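The values are calculated or read from the model by the stated rules, or taken from the named source; none is laboratory data. Predicted model, so just to flag it, every value in this text is computed and none were measured. Neighbour counts run over all protein chains shown; Cβ positions are idealised from the backbone, glycine included. We work out accessible area using only protein heavy atoms, side chains counted, and drop any ligands, DNA or RNA first. Shrake-Rupley method; radii C 1.70, N 1.55, O 1.52, S 1.80 Å.
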Amino acid sequence: MPLPVPPGAASAFSSFLSPRPGAARWLCLLLLSLWLAGCASLPTDVDRPVSTALANPSETPLGQLVAARAAKASTRNDSGFALVGNAELAFTSRMTLIKAAQKTLDIQYYAIFADDTTERLFDALREAAGRGVRIRILLDDFNTSGKNAQVLKLAFEKNIAMRLFNPLPGGRSSMFFRILSNLKDVDRMQRRMHNKMLVADNAVAITGGRNLGETYFGQSEGSNFVDIDILAAGRIARDLSGSFDQYWNNPQAYPVQSLMTAAQIEALKPAPAVSSPAQVNPASAAPASATNEAPSSPPAAAAASAPPPALPESTDLSLLPWTWAPSVMLVDKPGKIAADADSTEASQDTAVDGLLQLMSQSTTEVLIVSSYFVPGELMMKQFADLRRRGVRIRVLTNSLASNDAPAAHVGYARYRPALLAMGVELYEMRAEQEGSITSFGSSAGSTGQSRTSLHAKVVVMDGRLLVVGSVNLDLRSKLQNSEVALIVRSPVLAAEASRMIEPTLNKGAWRVEQRDGQLVWRAPQGSGLQDASSEPDASLGLRLMLKVIGPLAPEEML
């Protein structure tokens, strides 16, 4: 999850360098805004009332439902799970939990985008607050500028408390100026809370790779993310709540009211759009979670495709195939995001370290799905050891064209030849897919082609261990972001996850091979495409970026 490069950055800089009249004036305004932002600082003596998760979830209807399902399953395990690989189910599951909550809702995300899809979630939250549900929303501050600042209005609703984690001082008018004004503290700006969860009544939770926004629920007419979540009930949901409490009550969590007023948020509201639908660039629907720039040339077919079907309002979670199994939560401590980059807590015993230790014990096979994959030297040594022991390793990640963060591909590309040489099997997601891709191996909602980007973070080990969460296997997840993931020991769930992923490996991804020292991208089965000798579907600009930035960019920044 590299930091965004906001849209318009290149054109803005070129305008300052051009000799057109007014360029000097705009340059002065830029320098003035940067000087004013440089003087900004975070408030001190902030009032942060301590609160904790619901003490008696068994007294709520959700808690009683969980107990009944466990009794019906005649299980000794204290936690139940259901995989969520479909975008529609991902949305309806969240809506159902919000509507079912009677006491509390705890919501923690890296990014919540302001769009029609999230507005439906917000309406459900307001209804829940109106019936007396206590709602706590903890949001990383990075993506709360421009249009997305309107999400912060929820903080001023009755029974809804909202805090921003590791906030950035200065204005929120645009992502571009926000990044510029915080360049004096790049290290702090890079450290983000990447955890993602929604917990209802401390009884049932959903966690995984998704942020909240239309592109995560298959609703964008341009580019959509393919992702996997997991519903979790019982003791493991209480563990997630305990993690939430640690972040919520941390000094780095600032109540929105300590940073902005409702009037200031309203003043950032964008003017109504005047462009006709035919004039809208489908790439503009891509979220700002990584670079804010979709690949440079989305296909005309995607622009002409029909709008995706509307999402249903809810789903009956009791009808899902719940599996009860042993489990443990991997989570980083809030101190990993501390300003002191050299702190022991920030560099040791991270969620990534725990995951790597678990992977090192594999005996037959490791299947990795990581949207951003930058192994680093330590992980490469571990892969080499696994391969020496005959462990099969398969990795599905984004191609250069499908990656919403092309800079991350730079780091991955450095390791590609060495990975292939040691026998790691590499698959790269196709950017162009038939129909509107809303889940692994399936499409729905439209004909023609649509742009797809992989966003899932899943590991399956030895056909019996499953890991689902926010953890990418890259240096940013290890060194800079805080992460959370669930480890479940269940051959049933491991097999289900593999069944979700295998069709994409076979039909939705390029198989990368090395022949005579040259990379070759084998076309997916039945695609009718030809094999490629260079980054498939990627524009010339993206390929040049890979060549120019590749040798220079520090891996931990990717």
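Side notes on the structure shown:
- In the range 451-558, the GluC sites (Glu not before Pro) that fall in loop regions by DSSP, at most 13 other Cβ within 10 Å: none
- Accessible area per residue in Å² at 1.4 Å probe, computed on the range 75-158: 30
- Applying 0.36 nm per residue to the separation of Q530 and E513 and subtracting their alpha-carbon distance, the gain on full extension is 4.7 nm.
- Computed accessible area, W510, all protein chains, 1.4 angstrom probe, square angstrom: 10
- Computed in the context of the full set of protein chains, the accessible area of the range 175-224 at 1.4 Å probe radius has 54% of its extent on carbon or sulfur.
- Using the Cβ-Cβ distance between R499 and Q246 with R0 set to 35 Å, the FRET efficiency from 1/(1 + (r/R0)^6) comes to roughly 0.50.
- The alpha-carbon of K333 sits under 18 angstrom from the alpha-carbons of these lysines, leaving out residues fewer than 8 places away in its chain: K196, K478.
- Partner aspartates and glutamates whose Cα lies under 19 Å from the Cα of K381, excluding those fewer than 8 positions away in the same chain, are identified as D349, D353, E365, E425, D474, E555, E556.
- The stretch between V548 and K72 holds 165.4 nm of extra length on full extension. This uses 0.36 nm per residue minus the Cα-Cα distance.
- Q264 versus L356: modelled label distance in nm, points set 7 Å from Cα along the beta carbon direction: 4.0
- Long pairs among K336/K507; K147/K184; K103/K269; K158/K336, criterion Cα-Cα beyond 30 Å: K336/K507; K103/K269; K158/K336
- Cα→Cβ-extended label distance, 7 Å offset, between R134 and R387, nm: 5.3
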